[in-house]
Amino acid sequence: MSQEVQQGQHMGRASIRLEKPVYIISSASIVGTKEGEGPLGLLFDMIGSDDMFGCNTWEEAESSLQKDAVYLALEKAGVDKNQVSYIFAGDLLGQSIATSFGISTYEIPLLGVYGACSTCGESLTLGAMSIAGGFAEKVVCVTSSHFASAEKEFRFPLEYGNQRPLSATWTVTGSGAFVLSSERDGIAEGCPASGNGAYGRARARIMGMTVGKIVDFGLKDSMNMGACMAPAAADTLVQHFMDWGSQPSDYDKIVTGDLGTVGQRVLLDLLKEKGYDVSDRHMDCGIEIFDADTQDTHAGGSGCGCSAVTLSAYILKQVEEGNWKRVLFMPTGALLSKTSFNEGQSVPGIAHAVVIEHIA
């Protein structure tokens, strides 16, 4: 990257390069049974013995996911809840009820976020911006999704037994929480040391972000979310390259959230039309989290929890260990509701990119 584009915080049309890094000092991931049986199963912090998580409803179960993920992330960071300035949180349900009922007991000032399946990227972006701007020293970012609650919200209750086309993705049951800090190291007095390294050493650092815009190709198939979101992913990625003066080779991995196999093909084709080839370094969380040969998830995984738990359990592990020095993490979201879909509206997409680097 040229020195010119690295000066200042605001870059180009939609990007920010932080003058000082914001550190991810801990994270936590909790998933359901199906996710625990997948390729990343051994990496998650907790796997539910059943997808109700001891609750009476699917929505309550998703709330418990967020509550427990935040608890684990704070515990591993050695951070007391009173040290957290803000929590940026969201989910897929109407009025973000999984968040409202999940984290209310923490009594941390809340900024609710909705970017559909891109919510993890949006919350990390806003959290990092608040710290970089001097408005907070520590914040928590958390998102969640649940297969059964999402099916009821957007498609059909499980009891209906509807058949899913091969283009459909499987909403991940899971929650990922992240503690961001202006400081790289250190733990709170009287708290246990972090599980992410000696005495709370940060897992990775956030160096910048590119905020996506709404992109709508007029697609209306809610059972093919990957194709609906891929144009937004391509748009944000091209904008990032332009704003940062960078190329695909500047990143060890370029990670999308939940395009699945169908959306991945669309993304790669759209980027090649723009003169970019990322096929040798692109990874999709929705493809990684399930085994296509043994788990009946069709095109892969999706949902707010998909990118969040994969980032916490797998991507940050690779960055922390130095296997990947720089990653562009770019969750994607489909901005539909059951109302807009039933009224015949299209499914717009959005994607937010976050630059995450290894700490030497």
Using θ = phi - 60° and the Karplus relation 6.51 cos²θ - 1.76 cosθ + 1.60, list the HN-Hα couplings for the range 347-352 in order, rounded to whole Hz, with x at every Gly or Pro. 10, x, x, 8, 8, 10
Looking only at Asp284, Asp185, Asp91, which one moves most when the chain is put into a Gaussian network model with springs between Cα atoms under 10 Å? Asp185
Please work out the FRET efficiency for the pair Phe341 and Asp80, using the Cβ-Cβ distance as r and a Förster radius of 30 Å; give the result to the nearest 0.05. 0.10
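Please compute the alpha carbon radius of gyration of the range 54-143, then divide it by the globular-protein estimate 2.2 N^0.38 Å. Two decimals is fine. Display every interim value, and only then the final one.
Working: Rg = 12.7 Å, N = 90, 2.2 N^0.38 = 12.2 Å.
Here the answer is 1.04, to two decimals.
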Residue by residue through the range 281-295, the couplings from Karplus 6.51 cos²θ - 1.76 cosθ + 1.60 with θ = phi - 60°, in Hz, x for Gly and Pro, are 9, 7, 9, 10, 4, x, 7, 6, 6, 10, 9, 5, 7, 10, 10
Rg and Dmax of the chain over Cα atoms: what are they, in angstrom? 18.7, 58
Quick one: which residues, 5 or more positions from Gly208 or on another chain, have an amide H under 5 Å from its amide H? H modelled 1.01 Å from N in the peptide plane, none for Pro or chain starts. Leu18, Val355
Hey, in the GNM for the chain with a 10 angstrom Cα cutoff, which one of Pro21, Pro39, Pro231 fluctuates hardest? Pro39
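Taking only complete DSSP H runs, can you tell me which helices of the chain stretch 15 Å or more along their own long axis by Cα positions and average at least -1.0 on the Kyte-Doolittle scale?
Working: long enough: 58-77 (29 Å, -0.49); 119-132 (19 Å, 0.91); 225-244 (28 Å, 0.53); 260-273 (20 Å, 0.23).
Those that clear 15 Å and a mean of -1.0 are 58-77, 119-132, 225-244, 260-273.
At a 10 angstrom cut-off on C-beta neighbours, averaged per residue, how do the peptides 62-69, 219-226 rank from highest to lowest? List each step's numbers first, then the result.
On the way: 62-69: 27.6, 219-226: 20.5.
Those peptides, ordered most packed to least, come out 62-69, 219-226.
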Spin-label model distance (nm) - Leu111 vs Ser279, 7 Å beyond Cα toward Cβ: 4.0 nm
Return the subset of Lys152/Lys272; Lys34/Lys338; Lys272/Lys325; Lys220/Lys317; Lys274/Lys317; Lys20/Lys76 for which the Cα-Cα distance in this structure is over 30 Å, preserving the input order. Lys152/Lys272; Lys220/Lys317; Lys274/Lys317
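Readers should treat all values here as calculations from the given coordinates under stated rules, not as data from a laboratory. In this text the structure is predicted, and so the values were computed from the model without any measurement. Quick reminder, even Gly has a Cβ in these numbers, built from the backbone with ideal geometry, and neighbours come from all protein chains shown.
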